[in-house]
Amino acid sequence: MAVVGAATAGSEIARILADRGALVLVFEQNPRPYGKIEDGLPRWHVKQRKDEYEEINKRLDHPNIEYVPSTRMGADVDFEDLRTRWGLSGIVLSHGAWRDRPFPVEGADEFIDRGLIYQNKLIYWFNHYLEAKYEGPRYELSAGAIVVGGGLASIDVVKVLQIETTLAALKARGVDSDMLKLEREGIEPVLAAINLKYSDLGVAPCKLFYRRRVLDMPLSDIPPDAPAKRADALRSARAKILDKAQRKYLFEFQELRAPTGVIAADGKMIGVNFSRTEVIDGHVRISADGGESARAALTISSIGSIPEPIPGIPQKGEVYTYVDQKIGLLLDGPTAVFAAGNVLTGKGNIKDSLESGTEIGTRVAEAYLGLSDEEPKIADSARREAAIEGNKIADAMAARPKLSPQNVESLLQRVRERQRAVGYEGSYRNWIAKVTPSDLH
């Protein structure tokens, strides 16, 4: 079996297949296998990230698993070649959802990195830019930025903006502070301890724009069978979560606004035209009441992530289409192709990574956002969901004929060639030690 994507879902499914006796080839696009735990989860989740790194390490350090790092489908390995010529029994796509949903204004993408930044690139930069060997994009965050979104991930974005601009303003005054302290205690308490107020810094807060109402924000789920009274209480809880986040991190918020135009000057995006919206029978409609414009040197789009399209995988809109969605079967044939994790759900926001499609409650959301003293369980639910998916896949594959020793040897030769090409010498633990930056945050 081949598993594409080695993070929480992929490593759990690989372990299940390996425990069942399969030889599992795990292809990972990055040197390290930690996916959104490392690159999409803000680095203030220090303990949770390290704990999940080790959980993934334990699963991948298995005698029946061959780890193939720095290997991206479509670039380093052709997916159709993998499916039709390698002779595999099956392939599991668990590479997550890393593609930002496009900013919903025609022509906006002309301004990427020229006033417009997407969430996934921003958080990747935030998590890694302090490393000496970091070679990715560099961003200079400006005060008063516009954020378009509405979920937990968009509040991560506004936290990054507020914390980073506060740290920069303090540094300009000759005051050293700490990102973890600001995230944990909140901006005003940290400033009060040095006899300052936020207004003293002269920093305009960023502003989050959401196309629906506060009560509609996907910060905590409402079960479809919830009684009306319970549903109303849960909607009110969403407003309380937002209020707590605003008081702690001092960002602004505007509901019922949808971006409908870009403001540009000198080849850069310098603002967004918003139309007023209304929610009628659960649907968002542009209101006849007009709109407004917001200007800022930086706009960040945080409206969700979707799976990358793969040539050869049938897709309708943003999601893959299935032969049998109950087991995640995408393509049948000599080499069966399955999807799992956020690839299966078609979603890649933080909420779905936390709970993988199950209910997320107020306590979980508040813990994740740093609004309570409770430690968030970053990957437990996603791992449980992946275990269910992995066992379904293993059961579906159990009746298939085993490969001949000659076919297995041929597969291993291909794997060894790719491992040698990227400098992997066969020991998973040695590789992780080799590619982990000494100054990793």
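The values are calculated or read from the model by the stated rules, or taken from the named source; none is laboratory data. Just so you know, these numbers come straight off a predicted model, no measurement behind them. Glycine gets a Cβ as well: all are built from the backbone with ideal geometry, and neighbour counts include every protein chain shown.
For region 96-111, what are the residues that are charged (D, E, K, R), closer than 9 Å to Val262 by Cβ and in a helix (DSSP H, G or I)?
Here is the first cut: in region 96-111, the ones charged (D, E, K, R) are 99-101, 106, 109-110.
Among the residues that remain, those that are also closer than 9 Å to Val262 by Cβ are: 106, 110.
Passing the criteria: only Glu110.
Can you pull out every residue in region 126-152 that is in a helix (DSSP H, G or I) and under 14 Å from the mean Cα position of the chain (by Cα)? Let's see the steps before the verdict.
Step one: filter region 126-152 for residues in a helix (DSSP H, G or I), giving 126-128, 152.
Phe126, Asn127, Leu152 - these are the residues of region 126-152 that are in a helix (DSSP H, G or I) and under 14 Å from the mean Cα position of the chain (by Cα).
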Residues to consider are Ile91, Ile117, Ile155, Ile123; find the one that is under 29 Å from Leu215 (Cα atoms), out of contact with any Cys (no Cβ under 8 Å at 6 or more places or on another chain) and part of a strand (DSSP E or B). Ile117
Identify, please: which residue in region 211-223 is over 19 Å from the mean Cα position of the chain (by Cα) and assigned to a loop (DSSP other than H, G, I, E, B) and is, among those, farthest from Ala239 (Cα to Cα)? Pro223
Of (1) loosely packed, with under 14 Cβ neighbours inside 10 Å; (2) under 21 Å from Tyr139 (Cα atoms); (3) not hydrophobic (A, V, I, L, M, F, W, C), Ser177 fails just (1)
Within region 180-203, restricting to residues that are of a type in the set (Gly, Ala, Ser) and free of Cβ contacts under 8 Å to residues at least 24 places away in the same chain, the one that is surrounded by the fewest Cβ atoms within 10 Å (Cβ to Cβ) is Ser199
If you take the residues in region 361-414 that are surrounded by fewer than 17 Cβ atoms within 10 Å (Cβ to Cβ) and among the hydrophobic types (A, V, I, L, M, F, W, C), which one is modelled with the lowest pLDDT? Ala399
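Any residue at all in region 158-178 that is in a loop (DSSP other than H, G, I, E, B) and touching a Gly at 6+ places or on another chain (Cβ under 9 Å)? First the steps, then the outcome.
As a first pass, look at region 158-178 and keep what is in a loop (DSSP other than H, G, I, E, B): 173-178.
Then drop every residue that is not touching a Gly at 6+ places or on another chain (Cβ under 9 Å), which leaves none.
No - not one qualifying residue is present in region 158-178.
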Go through region 329-340 and give me each residue that's modelled with pLDDT of 95 or more and either of a type in the set (Val, Ile, Thr) or within 11 Å of Lys392 (Cα to Cα) (or both). Leu329, Thr335, Val337, Phe338
Suppose the filter is within 30 Å of Glu374 (Cβ to Cβ), assigned by TED's automatic domain parsing to the domain that holds Ile155 and touching a strand residue (DSSP E or B) at 6+ places or on another chain (Cβ under 9 Å); does Leu122 pass it? yes
Kindly indicate whether any position in region 164-177 is assigned by TED's automatic domain parsing to the domain that holds Met217 and closer than 30 Å to Val435 by Cβ. yes
